[in-house]
Amino acid sequence: MPSQLNLALLIPGAVLLLAALFAVTVIGSAARSPAALAIRALAGLAGAALLFFGAQPYFSTPRLAPAPSLAPAPVSAPPTTSLPGEPGRAATAALEDCALPNAPPIPDGSKAKREEMVAARAAFVEYDKATNAYAACVDAAIDRVGKQFPDATDVDRQTLRVLGTGAHNTAIDQEQAVADRMNAQVREFKAKHPGQ
């Protein structure tokens, strides 16, 4: 079953890639201007990158545990170089430890009672706290993985930035969408119940 982080990368990646590919069909000749071509190219690259990093766990092979050894293992210093892509895989695993909160249910403001709206507001405040904790967890995980691989390549450092920014911003964007829906229902409630 795909993790929430993988879906958070795959879905926007697919949307960006499809938007870049079909902009001419949808928008028409305006999508062929030099500026529009540059924007489409950037959107396509960003979409492809998100798809690549979101799908990466599906292409990796599971590692088997080494057979137990009877002789004690020699003590050695940790490796000073990392394999290409290793920081990204470590970051993906670290981000899975961050709990993305579920949005609270939002009552229909035109039918809800005052108590339901107050309870929904309290649930949203808790959701906001959980979203902020998730964003902080993401930032800390990416920072920790970055320090774990000080010799990472520029590509690996960029991968860490994309993973961290994508997970962080997706959670904030989801919360903003919930806040917008909540505010719309509060307006509905106030229109139906003036003075409450």
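Each value in this text was obtained by applying a stated rule to the coordinates, not by laboratory testing. What you see is a predicted model, and the numbers here were worked out from it, not measured in a lab. Cβ atoms come from the backbone with ideal geometry, glycine included; neighbour counts cover every protein chain shown.
Between beta-carbons, use under 13 Å as the cut-off and find the net charge around Ala133, counting Lys and Arg +1, Asp and Glu -1. The partial results should precede the final answer.
Values: positive: Lys129; negative: Asp97, Glu126, Asp128, Asp139, Glu175.
For residues surrounding Ala133, the net value is -4.
Under 19 Å Cα-Cα from Lys113, which lysines qualify once same-chain neighbours fewer than 8 residues away are excluded?
Result set, ordered by chain and number: Lys190, Lys192.
Tell me, Tyr127, Tyr134 in order of fewest to most beta-carbon neighbours within 10 Å? Walk me through the numbers before you get to the answer.
On the way: Tyr127 19, Tyr134 22.
Lowest to highest Cβ neighbour count: Tyr127, Tyr134.
Using the Karplus equation 6.51 cos²θ - 1.76 cosθ + 1.60 (θ = phi - 60°), what ³J(HN,Hα) coupling, rounded to whole Hz, does each residue of the stretch 178-188 give in order, writing x for Gly and Pro?
Per residue, the Karplus-derived 3J(HN,Hα) values read 5, 4, 4, 5, 4, 4, 5, 6, 5, 4, 4 Hz.
Using only the Cα atoms, what convex hull volume per residue in Å³ does the stretch 86-182 have?
Numbers: hull volume 6.9 nm³, N = 97.
Dividing the Cα hull volume of the stretch 86-182 by its residue count gives 71 Å³.
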